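Notes for the one structure printed next.
The values are calculated or read from the model by the stated rules, or taken from the named source; none is laboratory data. These figures come from a predicted structure and were not determined experimentally. Neighbour counts are summed over all protein chains in view; Cβ atoms, including those assigned to glycine, are modelled from backbone coordinates with ideal geometry. To get the accessible areas, we keep the full protein, side chains included, count just its heavy atoms, and leave off ligands, DNA and RNA. Shrake-Rupley method; radii C 1.70, N 1.55, O 1.52, S 1.80 Å.
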Amino acid sequence: MEMEDPRKDRGKSYNLLTLLVLIFIAKMSGADNPSAIAEWNKERQTKLIEWLHLSYEGMPHHNTYRRVFAEVIDEERFEQEVRKYRIEQQGEAEIHILLFDGKRERGTILSGETQGEGFVAVYSPEQQAVMVQERIGSEESEIPAAQRALEQVDLAGKLVMGDAMHTHRALSEQIVQRHGDYLWTVKEN
């Protein structure tokens, strides 16, 4: 991924490559928003400073990461690159079970809105890693986001598990057509 740093030198405390590495490492560990990235890095700042040979005394504030996503890189594109890297690194590792669920992020409800940002994550308990994460559109349910997320994962020979919300014919058919199996938790209704 090629990119230029459009930030002005004045007031720039961290170089772009350092910020991208810190974002990437935190995202690979499951931090999925600027606040979580900042918190993850701060908890490990002593080791990160040592390992990355940084001259900084501390880690960037979450607003620094927000500015990087707003001014330098497209967060969705960066997420795709992280996913692609994660899948490449898993190579031939055996994965038999995939779990997925959607969550709305706390503290992301904009003025005049009724729901905050939401994501559906596909998780491999065997790899102990989120394989794919897909944003839930503001005007949609988890199901279309789940379908998009599952399109990005090899389902052949895998058991996909989800909660009662995901007991939809289209989702079940998508998994079976891609040679996977599913197990849904079904409630009384």
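Does at least one position in segment 75-86 carry a residue that is modelled with pLDDT under 85, within 21 Å of the chain's Cα centre (by Cα) and assigned to a loop (DSSP other than H, G, I, E, B)?
No, segment 75-86 contains no residue that is modelled with pLDDT under 85, within 21 Å of the chain's Cα centre (by Cα) and assigned to a loop (DSSP other than H, G, I, E, B).
Show the residue pairs meeting these rules: Cβ distance below 7 Å; 6+ apart or different chains; first residue within segment 52-66 and free of Cβ contacts under 8 Å to residues at least 12 places away in the same chain; second residue surrounded by 12 or more Cβ atoms within 10 Å (Cβ to Cβ) and in a loop (DSSP other than H, G, I, E, B).
none
For every residue, the table says whether it meets (1) crowded, with 16+ Cβ neighbours inside 10 Å; (2) at pLDDT below 70; (3) polar (S, T, N, Q).
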residue	(1), (2), (3)
Gly107	no, yes, no
Leu110	no, yes, no
Gln115	no, yes, yes
Val120	yes, no, no
Tyr123	yes, no, no
Glu134	yes, no, no
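Kindly evaluate Asp181 against the criterion of being under 13 Å from Val122 (Cα atoms) and open to solvent by 20 Å² or more (accessible area, probe 1.4 Å).
no
Working only within segment 4-23, note down all residues that are polar (S, T, N, Q) and either under 21 Å from Lys84 (Cα atoms) or in contact (Cβ under 8 Å) with a residue 60 or more places away in the chain (or both).
Once the filter is applied, which keeps residues that are polar (S, T, N, Q) and either under 21 Å from Lys84 (Cα atoms) or in contact (Cβ under 8 Å) with a residue 60 or more places away in the chain (or both), segment 4-23 yields only Thr18.
Among Ala38, Ala31, Ala26, which is in a loop (DSSP other than H, G, I, E, B), within 30 Å of Arg135 (Cα to Cα), free of Cβ contacts under 8 Å to residues at least 60 places away in the same chain and in contact with a helix residue (DSSP H, G or I) (Cβ under 7 Å, 6 or more places away or on another chain)?
Ala31
Among the candidates Ala149, Ala164, single out the residue that is small (Gly, Ala, Ser), at pLDDT below 90 and surrounded by 16 or more Cβ atoms within 10 Å (Cβ to Cβ).
The conditions single out Ala149.
Residues in segment 127-156 that are in contact with a Gly (Cβ under 8 Å, 6 or more places away or on another chain) and assigned to a loop (DSSP other than H, G, I, E, B): how many?
Going through segment 127-156 one residue at a time, the tally reaches 2.
Just for segment 5-46: of the residues that are at pLDDT below 80 and under 21 Å from Val122 (Cβ atoms), which one is surrounded by the most Cβ atoms within 10 Å (Cβ to Cβ)?
Selected residue: Asp32.
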